[in-house]
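Each remark here refers to the structure printed beneath this line.
The values are calculated or read from the model by the stated rules, or taken from the named source; none is laboratory data. Everything numeric in this text was worked out from a predicted model, so none of it was measured. Heads up, the Cβs are rebuilt from the backbone with ideal geometry, glycines too, and the neighbour counts pull from every protein chain shown.
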Amino acid sequence: MNTVLRLSGSGVVIDGVGFDIHTMLYAAGATVLGVQLVDPVSMMRVAIPSVTLMLAGAEIVFACFLLGFIDVRSRGATES
């Protein structure tokens, strides 16, 4: 279970990084002679979800890391 959550968290981070790279490449291609021709509204529609995905994925991975420390296994009735 913990491994599945780590992999899904890593996948969410990778998705966020991919969207962020797409945003940067789009902004770099829209520059003409140092003047930005990018609509800020359209850029924020991609940039905000990409940062949110990266943070959510990092949160999932970090939570799985911490839950690994408190993974308590149930003891048998004969052990004390």
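Checking each residue in segment 1-24 for being at pLDDT 90 or above, surrounded by fewer than 17 Cβ atoms within 10 Å (Cβ to Cβ) and either touching an Asp or Glu at 6+ places or on another chain (Cβ under 9 Å) or of a type in the set (Val, Ile, Thr) (or both) picks out Ile14, Val17, Ile21.
Note on segment 25-60: among residues that are not in a helix (DSSP H, G or I) and not hydrophobic (A, V, I, L, M, F, W, C), the one that is surrounded by the fewest Cβ atoms within 10 Å (Cβ to Cβ) is Gly34.
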